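Just so you know, all these numbers are worked out from the coordinates, no wet-lab data involved. Quick caveat, the model's predicted, so the values are computed rather than measured. Neighbour counts are summed over all protein chains in view; Cβ atoms, including those assigned to glycine, are modelled from backbone coordinates with ideal geometry.
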Amino acid sequence: MDNQSEWLKKIRSLKDSIPLRLFFGTFLIYLFCNNGLDWDSASERTRYAQIKAIIEGNVFYIDRFIPSFPHPQLWDLSLPPNGHYYPNKPPGLTFLGVPVVYITSVLRIPYPLDGFILILLTCCFTSATVVLLYSLCIRSFGMSEKVSLLVSLIYSFATFAFPHAVTLYSNSFSAFFVFSVVYLLVSQNKKEEGKNQITRLLVSGIMAGYLPLLDYSNVLLFLPFLLYIFFSKNRRYIGIFLLPVTLWLVVLLTYHYVCFGDPFITSYGYAINTRNTFDWGYTRPLHLGLLRFLFTPRRGIFIYSPVLIFSIFGFYVMLKDKQDRKEGVLFLSSFLIILFFFSALAYSSGWVFGSRRLDPVLPLLCIPIGRVLQSPKKVFFSKNWLTNSFLEKNGTKLFWFAFSALFLLSIVINGLGAITDVHPMNLEYLDHNINLFLNGQIHSLIWNISPLLGLIILLPAIMINVYALYKTSKRREE
């Protein structure tokens, strides 16, 4: 009886769980934005076709689906000498989607509704990343609940994570696996010692090892991961981290061998259109590539998410603080590696809202913002500045006004992409999404079925997030 009452208490306590509210609050908003009825991009279509081929025919090639593809989407395929067609992407996303579509097939849920359900997998992984971000801010960086929640909401609604949470691209999944590795490594070194070290490194190795299966470029992140482990107390266990990585590498090489006849030939090796693999049509000097990814209306991260400008100041605070310096280097180096790699190659990132290539490292840009939010007065207003009576009195208010304005602007921009069109063909500018919105073209299956049903889902989701923020602001700061 006592055990039963304890379980009841735990179940009842869930209603006050901020992480649980955060998960469902973000998930329901992503659910509302889910279009899912039709695949807007070749990348999504070929992944879905391979999932169906595995379930229905136990094969990796997608030959029987080719006649149904629109002709312009044939370029997103690989055609090796064996004469079979494959997606020109690694198989990690396919493997994750197989259980979902298998369940829909058992339940006899027809196309295109099974596609809508498959997109929910991306929604779940993105919401899980949001919860991990919240937990890491509290447990490992000592941020208050309010600041941690703000950091999580920045990532979930004020960055590319929002519109990309309703697509079947691997980048959102990469963000979850990247941040899972970071969560395990950072929280281990900050809080836990002893018997949990091996388990945590093993699990982090499993998560890290899956990254190349999602996107080959993710292998670049192994450098900051390994350096972080090497310069921590756990360097003697680095082999535990590398063991599952090696096993996942064997899986990837086996896939290459089965499909392409050679374990060291990637899915890009036989791409029908090599321009789609490395879009040399966009090649330009490095500084112009960086400009494009950071400050232009085409892909610029500080244009689509201006609130992320505060991460620059946050990194300065982290690198200056001995306690957070190692983590600051890990986050900043991970972001710069991905940024410089794709800026140098000048990827087009496909016809998709913003730059999905930066998705895997977006959570790492949000944590430094939390450092700024904790003490904006110390960051922006030095003792010399505070000799000005106006700044001394109103400086903090001015900061929160500027932060709130950029935060809301970022939500509007990314929300616009999420509810209109994440795949603007031959266009990469916000005016396309604005025109769709003004014309009433809402890219939401639920809204198009019934606006009332859409409001029934959307309004409670917004209330959950607002209530969670209100509750944390009322709690005593530790």
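Run the helix sum for the chain: -39,500 (n - 2.57) per DSSP H stretch of 4+ residues, divided by residue count, reported at 222 nm to the nearest 500 deg cm²/dmol.
Details: 22 runs with 312 residues, N = 478.
So the calculated ellipticity at 222 nm is -21000 deg cm²/dmol.
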query = Too long at a 18 Å Cα-Cα cut-off: which of 320/377; 52/89; 322/397?
reply = 322/397
query = residue 223 to residue 450: FRET efficiency via 1/(1 + (r/R0)^6), r the Cβ-Cβ distance, R0 51 Å, to the nearest 0.05?
reply = 0.55
task = Mind checking segment 394-470 for chymotrypsin sites (Phe, Trp or Tyr not before Pro) that DSSP puts in a loop (not H, G, I, E or B) and that have at most 16 other Cβ atoms within 10 Å?
result = 429
ask   = Between residue 82 and residue 216, 0.36 nm times their residue separation minus their Cα-Cα distance comes to what?
value = 46.0 nm
query = Whose amide H sits under 5 Å from the amide H of residue 78, counting only residues 5 or more places off or on another chain, with H placed in the peptide plane?
reply = 86, 88, 272
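With a ≥ b ≥ c the root eigenvalues of the C-alpha gyration tensor of segment 170-270, is it rounded (a/c under 1.5), prolate (a/b larger than b/c) or oblate? Numbers along the way, then the final one.
Values: a/c = 2.69, a/b = 2.06, b/c = 1.31.
Since a/c reaches 1.5 and a/b is larger than b/c, the shape of segment 170-270 is classed as prolate.
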query = What angle do you read, to the nearest 10 degrees and between 0 and 90, between the alpha-carbon axis of helix 170-190 and the longest principal axis of the chain?
reply = 40 degrees
message = Students often check this: by mean Cβ neighbours within 10 Å, which of 299-310, 78-89 ranks highest, and how do the rest follow?
response = 299-310, 78-89
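Rounded if a/c is under 1.5, else prolate if a/b beats b/c, else oblate: with a ≥ b ≥ c from the C-alpha gyration tensor eigenvalues square-rooted, which is segment 141-180? Before the final figure, lay out the partial values.
Working: a/c = 4.44, a/b = 1.76, b/c = 2.53.
Taking the square roots of the gyration eigenvalues as a ≥ b ≥ c, segment 141-180 is oblate.
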ask   = Once phi is turned into θ = phi - 60°, what whole-Hz ³J(HN,Hα) does the Karplus curve with 6.51, -1.76 and 1.60 give for every residue of segment 124-138, x standing for Gly and Pro?
value = 4, 5, 5, 5, 5, 4, 4, 5, 4, 4, 4, 5, 5, 4, 6
ask   = Percent relative contact order of the chain, based on C-alpha pairs within less than 8 angstrom and at least six residues apart?
value = 22 percent
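Give me the tail of P(r) for the chain as a percent: Cα-Cα pairs with distance above 43 Å.
Distances greater than 43 Å cover 15 percent of the Cα pairs.
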key: 0 to 90° range, to nearest 10: angle between helix 196-214 axis and the chain longest Cα axis   = 50 degrees
request  = Quick one: what are the phi-derived ³J(HN,Hα) couplings along segment 396-413, Karplus 6.51/-1.76/1.60 with θ = phi - 60°, whole Hz, x for glycine and proline?
outcome  = 5, 5, 4, 4, 5, 5, 5, 4, 4, 5, 5, 4, 5, 4, 5, 5, 4, 4
query = Taking θ as phi - 60°, what are the ³J(HN,Hα) couplings along segment 105-116 by the Karplus curve (6.51, -1.76, 1.60), each to the nearest whole Hz, with x for Gly and Pro?
reply = 6, 5, 7, 6, 7, x, 5, x, 5, 5, x, 4
note = So the angle from the long Cα axis of helix 325-345 to the longest Cα principal axis of the chain, reported in degrees to the nearest 10, equals 40 degrees
task = Could you please report the charge total around residue 399, scoring K, R as +1 and D, E as -1 over all other residues with beta-carbon less than 12 angstrom from its beta-carbon?
result = +3
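Take every Cα pair under 8 Å in segment 170-270 that's 6+ residues apart, average their separations, divide by the length, and report that relative contact order as a whole percent. Intermediate results must be reported in sequence, preceding the final value.
Numbers: 95 pairs, mean separation 27.5, N = 101.
The value is 27 percent.
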